[in-house]
1. Roughly speaking, what is the centre-to-centre gap between segment 587-654 and segment 174-245 when only Cα atoms are used, to the nearest Å?
2. With N set to the number of residues, divide the alpha-carbon radius of gyration of segment 601-652 by 2.2 N^0.38 Å and report two decimals.
3. How many angstrom lie between the Cα centre of segment 340-370 and the Cα centre of segment 376-420?
4. In Å², what does the accessible area per residue of the chain work out to with a 1.4 Å probe?
5. Kindly provide the pair-distance distribution of segment 249-311 built from C-alpha pairs, with 10 Å bins from 0 and whole-percent values in order of increasing distance.
6. List the residues, sorted by chain then number, that are 5 or more residues from residue 165 or on another chain and whose placed amide H is less than 5 Å from its amide H.
7. Which order do the peptides 358-367, 336-345 take when ranked by the mean count of other beta-carbon atoms within 10 Å per residue, highest first?
8. Taking the highest mean first, how do the peptides 628-636, 270-278, 115-123 order by number of other beta carbon atoms within 10 angstrom per residue?
Amino acid sequence: MEQIKTEIETLRKQLDEHNYNYYVLNAPVISDKEFDDMMARLQKLEEEHPEYYDAGSPTQRVGSDISDGFVQVEHRYPMLSLGNTYTEGEVKAFYERVAALLAEPFAITAELKFDGTSISLTYENGLLVRAVTRGDGTRGDDVTANVKTIRSIPLKLRGSGYPSYFEMRGEVLMPWSVFEKLNREREEQEEPLFANPRNAASGTLKLQNPAAVAARGLDAYLYYMLGENLPTGNHYENMQIARGWGFKISEAMRQCHTLDDMMRYIAYWDDARKNLPVATDGIVFKVSSLSQQRQLGYTAKSPRWAIAYKFQAERALTRLDSVSFQVGRTGAVTPVANLVPVQLSGTTVKRASLHNADIIEGLDLHIGDMVYVEKGGEIIPKITGVDKTARTSQTGEKVRFIKECPVCGTPLVRYEGEAAHYCPNDTGCPPQITGKIEHFISRKAMDIDGIGSETVELFYRKGLLGDASDLYKLQPGQIASLERLGDKSATNIIAGIKASLQVPFERVVYALGIRFVGETVAKKLAFAFKNIEALVNATEEELLGVDEIGEKIASSVMAYFAEERNMDFIRRLKEAGVQMSLSEERLQGVKDRLHGAIIVISGTFSKHSRDEYKAMIENFGGKNTGSVSAKTDYILAGENMGPAKLEKANKLGVKIISEDDFLNMISD
Ligand code: IVH
């Protein structure tokens, strides 16, 4: 008996830890299947031994995505989840169970399991009236305003024959291309990256600003209709009809009549899914007939008429060679695993992210360990487990997080509540110094042509740059005498530096590299305070009074200007002639808000004509072009934007903005 109690307690502790890794750190260390197996074992033990009941057990927790700031709404029909299977054998067992229970012919709808965040849409008389997240399954957040910005979700249904009241359920997704672009931008802005498109989609849906949601390029597939007067008694047919009403229904949906059909579907999509523009994590099989669904009914948590088959996460086994530690511009130290190169879904993997000290500790990593690497929904592969049975006397030491900065030797610090370690030597640690200079010259900041990161490092090593203000002291002769650089590049670099003196104040504010002050925040600050003196002297209250500026940003801005050396840096930039106030011209309205942005106009508009929008784009420093390409920054989309353009935009990850978004962008 004691033994069982211990097992229950151990499982609870381990599952809590894995929940934390998954939901908080976004860095699971075991596979979904291992997690599900452990959970199933715990459930079984708790059922058999009710005397060990604990209200805090992980089995009592129903995954909830409810957050502050949204109104909560009760679901008319609860949002259930599906039973998971991982092998063809389990799918066969499902099929046989259904066959035995029904004892009559049946068809199964096979569809992809989209890996996003689920949503329930309510339509009344053909109009979208409410969109609610899953929440705890019983009640969720009302995110209607945000969902209305998703262009693949119809606000008004087409055609006819829809019930006066019904719900459509589906998955809100962020296409891979959009996800990758978003993360590139976040990296540039020093914001934490999203681990996968699923987190990015659910994070986006929870933004308190629908305009920001609109700019994120979300998509949605619908896969389930609920209501009293549905058009037919068959799920598959209802979905085809819903497509006619304007819903995005996956073309991959098929009807299966035999177990063989189902296996073929699995075999095909196991591979073909890799070419899809959105993330999928499995296949869902549903009994097609609604009356048969009713006959089969539900268990406490999930329908008996449907099952999910989860794709095997692609993983590879390889040896851990060493762990290196990289220091970024903010001083954050990132551990990276160096691996014996291995093939994984078509690419060679040599390195994997280890995230932070907790993850390393959780894996109990040793140098020389055989480790599992997975790509799953992430761009950077990660280590998900260690084959401990492969350890020998040759296996090396346990990997420990370093205590000192690998570059400058300063003891690292870990701030309360943060997972990362930092090198606090921001004035003397080389990668932090060069990182800040690189940020200063980057395209969205001072946009200095001709200097890349290698050149910055070279200048730094040669003692030509101590911080970005030294750029303005560089002499052509100093540059031309350096290896790899001749007279011509010296002239170019000097010209680029000189041109940067014309860069408007808001981009100078961004170039300073104040923590949490990205491009948009810098713009807001510049336009609110108009010059550097006013910005430096702004009180916390005044900062908080600026649109979109909260406490985190305000205190970071205050802390930056409180440092004497930062004030010194600003003084030197000012002496060099860098713009420290909004120019008269800009104050008067000839603005560069769109600074070189390439914008395509599509559809019809209600507030201004197309020609007016074209003129506005040009007046604000943007460029209007006719067709969407990889260079396009935004599509200004009105009603009835062409589907070809929409598809191309999604494929290329181009931001789609509405009239209102656009007008916001060019106004104060
Ligand atoms: S059907 C009662 N179909 O997977 C059945 N779900 O664990 C309701 N999902 O919460 C779900 N693709 O977020 C269904 N084609 C699909 C799906 C799908 C993704 C998600 C959904 C659900 C979870 C099931």
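The values are calculated or read from the model by the stated rules, or taken from the named source; none is laboratory data. Small disclaimer: the values here were computed from a predicted structure and weren't measured. Methodologically, a virtual Cβ is constructed for each residue, glycine included, from the backbone with ideal geometry; neighbour enumeration extends over all protein chains shown. Heads up: the accessible areas ignore ligands, DNA and RNA and are worked out on the full protein's heavy atoms, side chains in. Shrake-Rupley method; radii C 1.70, N 1.55, O 1.52, S 1.80 Å.
1. What the calculation gives is 23 Å, centre to centre.
2. Values: Rg = 11.1 Å, N = 52, 2.2 N^0.38 = 9.9 Å.
The value comes to 1.12.
3. The two parts, judged by their Cα centres, are 9 Å apart.
4. Details: 32140 Å² over 668 residues.
Averaged over the residues of the chain, the accessible area is 48 Å².
5. Computed distribution, short to long bins: 19, 47, 29, 5.
6. Those qualifying (amide H under 5 Å, at least 5 residues apart or on another chain) are 125.
7. Numbers: 358-367: 17.7, 336-345: 16.1.
Put in order of decreasing packing, that is 358-367, 336-345.
8. Details: 628-636: 17.6, 270-278: 13.8, 115-123: 22.8.
Top to bottom by mean Cβ count within 10 Å: 115-123, 628-636, 270-278.
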